[in-house]
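What follows is a single structure, written as structure tokens, with notes after it.
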Amino acid sequence: RRVGQQQYAEFFAKWKQLLAPQGVSLLHTIGVTGGSKNAWFTKYIFPGGHIHAVSKMVEYLPSYDFRLMDYESLRLHYAMTLAGWLKRFKDHENEVIEMFDERFYRMWRLYLAGCSSSFRYGELDLGQWQSLMFFELDGPRSNRRIVVTIIGDRNKVSSTSKTVKSKAFLVQKI
């Protein structure tokens, strides 16, 4: 399960709860800058998947006392990463087909090429957001920082870990 729009309120509430006053956080997530949705991608690669609209997520920040201090787009870096994955995938074509089948190989080759192109020329973006609490801007900053990564559910996280689990996202204290 991923964090979709229907979980934004829960996500931001948990993020706020875990961040100390005057704390700084970093969110690392894939988003889309436009509104298009790829039906093939949704049907064959990530059924039921949701790509966050950057504009929709930014709208939530003030409601949870966050101020966006910095947004860095890493889309071109991720386009190069995907191009590298595609090259290695093609280099192992026979092995992939043997493990799965020709159809699987063609679909994932198209997925990797399409995603690389979408990050380079289209609406997909890999962004890192640095945020801090709205009402504490004038005070000294806390040494407590968290990193928020949107991921799928995790079944269990050790209670001795510095990692705190919440339904569909992982928050790490640093």
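The values are calculated or read from the model by the stated rules, or taken from the named source; none is laboratory data. Fair warning: this is a prediction, and the values are worked out from it, not measured in the lab. FYI the Cβ positions are ideal-geometry reconstructions off the backbone, even for glycines, and counts take in every protein chain you see. All accessible areas refer to the heavy atoms of the entire protein, side chains included, with ligands and DNA or RNA removed. Shrake-Rupley method; radii C 1.70, N 1.55, O 1.52, S 1.80 Å.
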Here is a check on your reading of the model: is residue 29 open to solvent by less than 40 Å² (accessible area, probe 1.4 Å), closer than 15 Å to residue 68 by Cβ and of a type in the set (Ser, Thr, Tyr)?
yes
What single numbered condition from (1) among the acidic types (Asp, Glu); (2) open to solvent by 60 Å² or more (accessible area, probe 1.4 Å); (3) within 22 Å of residue 128 (Cα to Cα); (4) more than 20 Å from the chain's Cα centre (by Cα) fails to hold for residue 93?
(3)
Please go through the stretch 66-90 and give me each residue that is open to solvent by 60 Å² or more (accessible area, probe 1.4 Å) and more than 30 Å from residue 23 (Cα to Cα), ordered by number.
80, 85, 87, 88, 90
Is it the case that residue 21 is surrounded by fewer than 17 Cβ atoms within 10 Å (Cβ to Cβ) and touching a residue at least 12 places away in the same chain (Cβ under 8 Å)?
yes
Out of curiosity, is residue 105 surrounded by 16 or more Cβ atoms within 10 Å (Cβ to Cβ) and assigned to a helix (DSSP H, G or I)?
yes
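Residue by residue, here is whether (1) in a loop (DSSP other than H, G, I, E, B); (2) polar (S, T, N, Q); (3) more than 25 Å from residue 3 (Cα to Cα); (4) at pLDDT below 95 holds:
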{"site": "76", "(1), (2), (3), (4)": "no, no, no, no"}
{"site": "82", "(1), (2), (3), (4)": "no, no, no, no"}
{"site": "97", "(1), (2), (3), (4)": "no, no, yes, no"}
{"site": "129", "(1), (2), (3), (4)": "no, no, no, yes"}
{"site": "142", "(1), (2), (3), (4)": "yes, yes, yes, yes"}
{"site": "159", "(1), (2), (3), (4)": "yes, yes, no, yes"}
{"site": "164", "(1), (2), (3), (4)": "no, no, no, yes"}
{"site": "171", "(1), (2), (3), (4)": "no, no, no, yes"}
